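What follows is a short report on a single structure.
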Amino acid sequence: MNRIKTAIVGASGYTGMELLRILLTHPGVELTAVTSRQEAGKSLGDVFPRFKNAPGAKLTFIEPDPDAIAATGAQAAFLALPHGVAAKIARALLERGLKVIDLSADFRLRDAAIYEEFYGHPHPASDLLAEAVYGLPEIRTPEIQGARLVASPGCYPTSILLPLLPLLRENLIDPETIVANSMSGVSGAGRKADLTLLFCECNESARAYGVPKHRHLSEIEQELSLAADEKVTISFLPHLIPVNSGIVTTTTAKLRAGVAPEAIGAALEKAYNEAGFVRLLGRGGCADTKNVTHTNFIDIGWQHDPRTGRVILMSAEDNLGKGAGGQAVQSFNLMFGLSEIAGLQNF
């Protein structure tokens, strides 16, 4: 089997570490470049001792220079970079013939004006937005297979969109009544020095943040609107909880008049009965982060409250796995004609 030469740009953060964990043992990947301005010149094994004996552990971090990355023969690059930074490198790598899977927010939105509204600066490569494919593999398999630029979704959006999209497509719920509450592990904030993320600030505590207009709302509402074929605006309330990784989301919405609760389960089964990384827990199933951390699975359960007429959707995923690195690799597999589960078969 000819392995695909692959680069990770921004490999020293939490998402970069997750990509390394997966790609170092991926049967279809030869890792040829890893970049980090901070760690340039050091070996993978020295920066991350956990990978010391892994194949490729002697690979040396380099600066994120597009020419240097292309010179390694890389055919694909994962960008684990901050928004605003990723777009410039994405363009340069595309011009050099690489396929790009971007894990930042730079290509998730179709509208440059909405990007500027939510991210506070003009889009750095707005001409590429029309080409980028929003990389939810369960929803856009054919588009991802033919893409050269995939925008991998955010962690919160994945946990909210996968339960909701089938219900909106079948007109089962009233989109004006959607409320999503999410709780995320601290790694979701990135690997950086920040007083609010110190152990003593987060341990044995929980708090809401980014209310009422978290940046991920932009892509959530975009994708919900496409599914509903009308503009959708929701309430989204993210919370930080004292765990390293994992997201649990509870989303509620009112059923349309005349819709039987059983239609919810039927719509989810229809959408995901052949999806390798979506595990349906059925009616009354409460998703638990301990069952999905360090995997690429998302677990989804649901319930109906007859007192309020609301459906309750419950999902759990690893914010670094299905919410970031794992899902990006899932898209990579589709782009290169590999088995969708290649490199991701851990439980």
Study note, to complete from the structure: Expected output for the range 244-272 (first residue free of Cβ contacts under 8 Å to residues at least 60 places away in the same chain, partner in a strand (DSSP E or B) and among the aromatic types (Phe, Trp, Tyr), Cβ below 7 Å, 6+ apart or cross-chain) is Gly265/Trp302
Exercise for review: Tell me which residues, restricted to the range 200-234, are touching a helix residue (DSSP H, G or I) at 6+ places or on another chain (Cβ under 9 Å), within 27 Å of Gly285 (Cβ to Cβ) and small (Gly, Ala, Ser).
Suggested key: Ala227, Ala228
Practice item. Go through (1) touching a residue at least 60 places away in the same chain (Cβ under 8 Å); (2) more than 21 Å from the chain's Cα centre (by Cα) and name the single condition Asp229 misses. Key: (1)
Revision key, fill the gap. Across the range 284-308, the tally of residues that are assigned to a loop (DSSP other than H, G, I, E, B) and under 19 Å from the mean Cα position of the chain (by Cα) stands at 8
Practice item. Identify all residues within the range 187-198 that are in a loop (DSSP other than H, G, I, E, B) and either over 27 Å from Arg140 (Cβ atoms) or not assigned by TED's automatic domain parsing to the domain that holds Ser315 (or both); write none if there are none. Key: Arg191, Lys192, Ala193, Asp194, Leu198
Review point. Taking the range 244-273 on its own, how many of its residues are over 23 Å from Asp305 (Cα atoms) and surrounded by fewer than 21 Cβ atoms within 10 Å (Cβ to Cβ)?
Key: 3
Check your understanding: Right, Arg21: closer than 23 Å to Gly323 by Cα and assigned to a helix (DSSP H, G or I) or not?
Key -> yes
Review point. Considering Leu93, Leu81, Leu109, which residue is assigned to a loop (DSSP other than H, G, I, E, B) and within 20 Å of Ser36 (Cα to Cα)?
Key: Leu81
Review point. Restricting the range 128-177 to residues that are among the acidic types (Asp, Glu) and touching a Lys or Arg at 6+ places or on another chain (Cβ under 9 Å), which is farthest from Ser315 (Cα to Cα)?
Key: Glu131
Revision key, fill the gap. If we ask which residues in the range 278-311 are β-branched (Val, Ile, Thr) and surrounded by fewer than 18 Cβ atoms within 10 Å (Cβ to Cβ), their number turns out to be 1
Exercise for review: Tally the residues that are buried (at least 17 other Cβ atoms within 10 Å of the Cβ), out of contact with any Leu (no Cβ under 7 Å at 6 or more places or on another chain) and free of Cβ contacts under 8 Å to residues at least 40 places away in the same chain, restricting the search to the range 94-111.
Suggested key: 0
Practice item. Starting from residues that are crowded, with 21+ Cβ neighbours inside 10 Å and out of contact with any helix residue (DSSP H, G or I) (no Cβ under 6 Å at 6 or more places or on another chain), keep the ones in the range 117-139 and report whichever is nearest to Cys155 (Cα to Cα). Key: Leu136
Review point. Which condition number in (1) under 26 Å from Arg256 (Cα atoms); (2) crowded, with 19+ Cβ neighbours inside 10 Å is the one that Glu170 fails?
Key: (2)
Check your understanding: Residues in the range 211-231: is at least one hydrophobic (A, V, I, L, M, F, W, C) and over 28 Å from Glu340 (Cβ atoms)?
Key -> yes
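Matching residues to (1) of a type outside the set (Lys, Arg); (2) assigned by TED's automatic domain parsing to the domain that holds Ser245:
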| residue | (1), (2) |
| --- | --- |
| Thr141 | yes, no |
| Leu149 | yes, no |
| Arg169 | no, yes |
| Thr177 | yes, yes |
| Tyr209 | yes, yes |
Exercise for review: Look at the range 112-138 and say how many of its residues are without any contact (Cβ under 8 Å) to a residue 24 or more places away in the chain and assigned to a loop (DSSP other than H, G, I, E, B).
Suggested key: 5
**Study point:** The one condition in (1) modelled with pLDDT under 95; (2) among the basic types (Lys, Arg); (3) outside any loop (DSSP other than H, G, I, E, B); (4) in contact with a strand residue (DSSP E or B) (Cβ under 8 Å, 6 or more places away or on another chain) that Lys58 fails to fulfil
**Key:** (3)
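The values are calculated or read from the model by the stated rules, or taken from the named source; none is laboratory data. Keep in mind that what you see is a predicted model, and the values were worked out from it rather than measured. Quick reminder, even Gly has a Cβ in these numbers, built from the backbone with ideal geometry, and neighbours come from all protein chains shown.
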